[in-house]
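Asks: My questions all concern the structure below.
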Amino acid sequence: MTKVVVLGGGMVGSVIARDLAVDPELQVTLADIDGDRLQATRASAADPLEVVTADCSDPAVVSGLCEDHEMVVGAMPGRFGFAALRAVIESGRNFCDISFMPEDAWDLDDLARSRGSTCVVDMGVAPGMSNLLGGCAAARLDPCRTVDIYVGGIPADPKPPFEYKAGFSPADVLEEYVRPARMVDDGDIVVLEALSEPELIDFPGVGTLEAFNTDGLRSLAERVDVPRMREKTMRYPGHREVMLQMREAGFLSEEPIRVGDVEVVPRDLAAALLFPHWTYGEGEADLTAMRVEATGDQSGRPVRLRWDLLDYYDPATGFSSMARTTAFPCAIMTRLIIKGVVDTPGVHPPEEFARREDVLRALFEGLEARGVRYTETIEELS
């Protein structure tokens, strides 16, 4: 029996743990600083699940958890991801992670190779499946000329004034609206402002959404040879303008300011005020919409290759769509690492597996079995 520990018991981490706990060959422990949240997850799990109250933002705590577990899964806010990755690698354990860390995880590739640690990072929906599909496009088209990624996790029933609720870490949501967005233009990496270049997208089954630049290409920008690549986040129209005004007014800054006798970090204050409004109520439905579109040649003919995802909250399990679409790819990849299907030491982004038919089959069949469906279409261009 393989002992697995999941770091972080939030909306996504709890679903990863419950998915893994179904497997009788795995002994799964969920670690989080919030003991009440852990107990609620254990009570709702149909399968045996151990819990431990632990501050996983502390690398020393992560190292201690590694001593008792052979496999580690990361599901913490992005700001803690790099330190946790380093701690796991230094412990010589294998790792699968979904955190949207601001650092470049592959900076630890040499260390992972030297410690014999197999790590797959950014293994969620976006980044994650978006990167994998971008890699698939680059592998299948010769040449692949463009890759465009559009993705949004949004409420099924939006309400003003924000037209939005958050399906993952509050800090990571606000970080999306601030972090400079790396794109590829004419083969060169260019840096654009987050929230820039808005455009309207008609997404079947949802309606009109507004897309804007965010830093979601991640490793694709450096590791895949496609001359033009873009990633945009989708929200209902109107949300971007509200957040742009908040950012320009300084509410998303991390530079402390003094208010009377108190020093305040504006982004912390903004998060504290916004997230009661952005929190889903029990049973409130969300959806995840994603499109990965590429153009290039196939058998010498110009084509457009596209994958679409439209997923909804699952009332049977209570899992949000964002949790489902993010947690399930990570849980499937975790099993592939445990089984030795993915076993090369180093730090690997998802697109590295675009030419691995066994990995692709396991991911897409596993997602299909869980009700997460990617629809592939190909269109000849004149």
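Asks: Tell me which of these MET229 doesn't satisfy, since it passes every other one: (1) in contact with a Leu (Cβ under 7 Å, 6 or more places away or on another chain); (2) of a type outside the set (Phe, Trp, Tyr); (3) within 30 Å of PRO276 (Cα to Cα); (4) in a strand (DSSP E or B).
Replies: (3)
Asks: Identify all residues within segment 265-277 that are at pLDDT 95 or above and surrounded by fewer than 17 Cβ atoms within 10 Å (Cβ to Cβ); write none if there are none.
Replies: Matches in segment 265-277: VAL265 only.
For every residue, the table says whether it meets (1) in a loop (DSSP other than H, G, I, E, B); (2) crowded, with 21+ Cβ neighbours inside 10 Å; (3) free of Cβ contacts under 8 Å to residues at least 12 places away in the same chain.
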{"site": "THR325", "(1), (2), (3)": "no, yes, no"}
{"site": "CYS330", "(1), (2), (3)": "no, yes, no"}
{"site": "ASP343", "(1), (2), (3)": "yes, no, no"}
{"site": "VAL347", "(1), (2), (3)": "no, yes, no"}
{"site": "VAL359", "(1), (2), (3)": "no, no, no"}
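Asks: For segment 66-101, give me each residue that is over 17 Å from ARG115 (Cα atoms), touching a residue at least 24 places away in the same chain (Cβ under 8 Å) and surrounded by 22 or more Cβ atoms within 10 Å (Cβ to Cβ).
Replies: VAL73, GLY74, ALA75, MET76, PHE80, GLY81, ASP97, ILE98, SER99, PHE100
Asks: Give segment 295-323 a look and list any residue that's more than 25 Å from GLY281 (Cα to Cα) and not in a strand (DSSP E or B), or say none.
Replies: SER299, GLY300
Asks: So in segment 7-45, with the set limited to residues that are touching a Lys or Arg at 6+ places or on another chain (Cβ under 8 Å) and assigned to a loop (DSSP other than H, G, I, E, B), which one is modelled with the lowest pLDDT?
Replies: ALA45
Asks: Looking at segment 365-373, is at least one residue acidic (Asp, Glu), within 30 Å of VAL184 (Cβ to Cβ) and either buried (at least 18 other Cβ atoms within 10 Å of the Cβ) or outside the structural domain of ILE149 (by TED's automatic domain parsing) (or both)?
Replies: Scanning segment 365-373, I find no residue that is acidic (Asp, Glu), within 30 Å of VAL184 (Cβ to Cβ) and either buried (at least 18 other Cβ atoms within 10 Å of the Cβ) or outside the structural domain of ILE149 (by TED's automatic domain parsing) (or both), so the answer is no.
Conditions (1) part of a strand (DSSP E or B); (2) over 15 Å from VAL151 (Cα atoms), marked per residue:
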residue	(1), (2)
LEU174	no, yes
ILE189	yes, yes
ALA194	no, no
LEU200	yes, no
GLY216	no, no
GLU222	no, yes
ASP225	no, yes
THR233	yes, no
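Asks: If you don't mind, another one. Here is a list: PRO48, PRO77. Which entry is outside the structural domain of ARG223 (by TED's automatic domain parsing), at negative phi, at pLDDT below 95 and within 15 Å of the chain's Cα centre (by Cα)?
Replies: None of the others qualify; the one that does is PRO77.
Asks: Out of (1) touching a residue at least 40 places away in the same chain (Cβ under 8 Å); (2) of a type in the set (D, E, K, R); (3) at negative phi, what's the single condition that is false for GLU163?
Replies: Of everything listed in (1) touching a residue at least 40 places away in the same chain (Cβ under 8 Å); (2) of a type in the set (D, E, K, R); (3) at negative phi, GLU163 misses just condition (3).
Asks: Under 9 Å between Cβ atoms, at least 6 apart or on separate chains: pull out the pairs that start in segment 173-188 with a residue that is closer than 26 Å to MET322 by Cβ and in the same structural domain as CYS144 (by TED's automatic domain parsing) and end on any residue that is among the hydroxyl-bearing types (Ser, Thr, Tyr) and part of a strand (DSSP E or B).
Replies: The qualifying pairs are GLU176/THR233; TYR177/THR233.
Asks: Specify the residue that is surrounded by the most Cβ atoms within 10 Å (Cβ to Cβ); the eligible residues are those in segment 237-264 that are of a type in the set (Asp, Glu) and closer than 30 Å to ILE201 by Cα.
Replies: Step one: filter segment 237-264 for residues of a type in the set (Asp, Glu), giving 241, 248, 254-255, 261, 263.
When the remaining residues are screened for being closer than 30 Å to ILE201 by Cα, the result is 241, 248.
Values: GLU241: 12, GLU248: 10.
Ranking the candidates gives GLU241 first.
Asks: Find the residue count for segment 235-257, including only residues that are touching a residue at least 12 places away in the same chain (Cβ under 8 Å) and part of a strand (DSSP E or B).
Replies: Going through segment 235-257 one residue at a time, the tally reaches 1.
Asks: Could you check segment 30-40 and list, in sequence order, the residues that are surrounded by fewer than 22 Cβ atoms within 10 Å (Cβ to Cβ), touching a residue at least 24 places away in the same chain (Cβ under 8 Å) and either in contact with a strand residue (DSSP E or B) (Cβ under 7 Å, 6 or more places away or on another chain) or of a type outside the set (D, E, K, R) (or both)?
Replies: ILE33
Asks: With respect to the numbered conditions (1) out of contact with any Ser or Thr (no Cβ under 8 Å at 6 or more places or on another chain); (2) in contact (Cβ under 8 Å) with a residue 40 or more places away in the chain, which one is the sole condition not fulfilled by VAL61?
Replies: Among (1) out of contact with any Ser or Thr (no Cβ under 8 Å at 6 or more places or on another chain); (2) in contact (Cβ under 8 Å) with a residue 40 or more places away in the chain, the lone unmet condition for VAL61 is (2).
Asks: With respect to ARG258, determine if the residue is within 24 Å of the chain's Cα centre (by Cα) and either more than 30 Å from ASP142 (Cβ to Cβ) or of a type in the set (D, E, K, R) (or both).
Replies: No.
Asks: Which one of LEU305, LEU310 is within 27 Å of SER44 (Cβ to Cβ) and crowded, with 17+ Cβ neighbours inside 10 Å? Talk me through it step by step, then tell me what you get.
Replies: Numbers: LEU305 fails: within 27 Å of SER44 (Cβ to Cβ).
From the options LEU305, LEU310, the qualifying one is LEU310.
The values are calculated or read from the model by the stated rules, or taken from the named source; none is laboratory data. Quick caveat, the model's predicted, so the values are computed rather than measured. Every residue, glycine among them, receives a Cβ derived from its backbone with ideal geometry; neighbour counts consider all protein chains shown.
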